[in-house]
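The values are calculated or read from the model by the stated rules, or taken from the named source; none is laboratory data. Treat the numbers as computed from the prediction; the structure is a model and nothing was measured. In this analysis, Cβ positions are derived from the backbone assuming ideal geometry, glycine residues included, and neighbour counts consider all displayed protein chains.
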Amino acid sequence: MNSAGALALIAGGTLTAVAAVAHLACIGIGARAYRFMGAGERMARAAEAGKVRPTLVTLAIAAVLFAWAIYAFSGAGVIGSLPLTAFVLPAVGAVYLARAIGFPLLKPRFPENSTAFWLWSSGICLVLGLLFAVGSILGA
C-alpha cells in the first residue's frame, strides 16, 4: 500500500498534470479560453491577433508543470527515480506555496488578470504546495 507521502505526491502530480493540460487547452481553444481562465485581456487579444507570445508563454508554463508532475510521480515511486528528486520536490512545494501567499505582491504587476483568477489560482497553488510539502516530508 502507498504511504501518505506517496499518495500526496501522486495527487499533487496528477493535479499538476491537469493544470498543464488546461494551459495547453488555452492554446487550442484560443482567446475565449484565456479569458475564461482569467489570464487577462492583453493575452486574449494577442491570441486573437495570432501573436506567438501567448502560445510561447503558455507552452513554457505547461512544460514546467509537466516536469513538476513527472518529478512528483518519481518521488512517489510511480516511475523510475529522477536526478535531484529530493531537492526538486520541496523546491516545487515552496514555489507553489510562495505563489499562493504572494499573490498580493504579484497582482499589481499583472493588473489585467481578474480577481477570480488570483483567488482561484492562489487556492489551487496552496493545495498543490501543501501536497508537494507533505509528500516531500513524509516521502514515499
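In segment 103-123, is there at least one residue being modelled with pLDDT of 95 or more, under 14 Å from the mean Cα position of the chain (by Cα), within 21 Å of Ala17 (Cβ to Cβ) and not basic (Lys, Arg)?
Yes - at least one qualifying residue is present in segment 103-123.
Give just the number: which of (1) without any contact (Cβ under 8 Å) to a residue 12 or more places away in the chain; (2) under 22 Å from Gly123 (Cβ atoms) does Ile101 not satisfy?
(1)
Being surrounded by 15 or more Cβ atoms within 10 Å (Cβ to Cβ), touching a residue at least 60 places away in the same chain (Cβ under 8 Å) and farther than 18 Å from Ser122 by Cβ is the filter here, so list the residues in segment 3-18 that pass it.
Correct list: Gly5, Ala6, Leu7, Ala8, Leu9, Ile10, Ala11, Gly13.
Quick one: which helices (runs of 4 or more DSSP H) lie wholly within segment 1-112 and hold at least 3 residues that are more than 24 Å from Gly139 (Cβ to Cβ) and out of contact with any Leu (no Cβ under 7 Å at 6 or more places or on another chain)? Even if it seems obvious, please write down each step before you answer.
Numbers: elements: 4-29, 31-36, 41-48, 53-75, 85-101, 103-106.
Answer list for segment 1-112: 4-29, 31-36, 41-48, 53-75, 103-106.
Quick check on my filter: what residues within segment 19-47 are surrounded by 15 or more Cβ atoms within 10 Å (Cβ to Cβ), of a type in the set (D, E, K, R) and either at pLDDT 95 or above or farther than 15 Å from Ser121 by Cβ (or both)?
Arg42, Arg45
Restricting attention to segment 115-127, which residues are in contact (Cβ under 8 Å) with a residue 40 or more places away in the chain and surrounded by fewer than 16 Cβ atoms within 10 Å (Cβ to Cβ)?
Listed by number, the residues that qualify are Ala116, Trp120, Val127.
Taking the conditions exactly as written (among the β-branched types (Val, Ile, Thr), surrounded by 15 or more Cβ atoms within 10 Å (Cβ to Cβ), within 30 Å of Ile29 (Cβ to Cβ) and at pLDDT 95 or above), does Val95 satisfy them or not?
Working: among the β-branched types (Val, Ile, Thr): yes; surrounded by 15 or more Cβ atoms within 10 Å (Cβ to Cβ): yes; within 30 Å of Ile29 (Cβ to Cβ): yes; at pLDDT 95 or above: yes.
Yes; evaluated as a whole, the condition is true for this residue.
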